[in-house]
Amino acid sequence: MPDTTQLLMFIAAGWLLNLTPGPDVLYIVSSALRSGVRAGIVAALGIVSGCFVHVFAAALGVGALLATSAAAFVALKWLGAAYLMWMGIRLLLAQGGGTAIVPNREIGEVVAVNLWRVYRQGFLTNVLNPKVALFFLAFVPQFIAPGTEHKVAAFLLLGLLFNLNSLPINFGYAWLAGWASRRVAAVQRTMHWMDRAAGLMFVGFGLRLAMTENPAR
């Protein structure tokens, strides 16, 4: 395990990385705007669950396989890109922009939502992105001392710490988006266009992932 200074640097770096907007933050915010804070929190839990899959995979060598095997990287890359674009197209084509808000919804009213579906989509958004596996493979080992005896255990512990530290940031995004959807009338009136924008962004993230080159090449 790293010393105290390195550990604090690891935590700070993790918070900064989680504050950076991307597909995960977009999914959390859009879920909370559509269906409230609880949906945003469930979306965050789904995303963190997907991160745990990548942490265990990287610790077991699957991340290294993705970094060195062009076929494995390309297969997962296209699956992830297709899923992100599918989510974006659903938002673009769905009635009402894909929101769960009805025209006469009162401010603060909670709309029923399938939380399992929210969780599952967040999980798949993360699991099907090979860049997340490569991120853990590149980021975490920097904080493991060369002489560490149990490197796999250290990797797993740091991965666990990174994911747990991401929860306050992700929950904060969910709370802020949920608060805005309940209290700001202008947000309610523009949800249709916000979902359209979110759909375009998901398609953009999918296209960018599809064009990602294998770092091993």
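Just so it is clear, none of the values below were taken in a lab; they were calculated from the coordinates. The shown structure was predicted, so the numbers you read here are calculated from the model rather than taken from an experiment. Every residue, glycine among them, receives a Cβ derived from its backbone with ideal geometry; neighbour counts consider all protein chains shown.
Could you order peptides 132-142, 148-158, 42-52, 6-16 by the average number of other Cβ atoms within 10 Å of their residues, highest first?
My ranking of the peptides, most packed first, is 42-52, 132-142, 148-158, 6-16.
If we count other beta carbons within 10 Å of each Cβ, what is the order of Met87, Met201, Met211, fewest first?
Met211, Met201, Met87
When the chain is fully extended, how far beyond the present Cα-Cα distance does Trp175 get from Val53, taking 0.36 nm per residue of separation?
Result: 41.4 nm gained on full extension.
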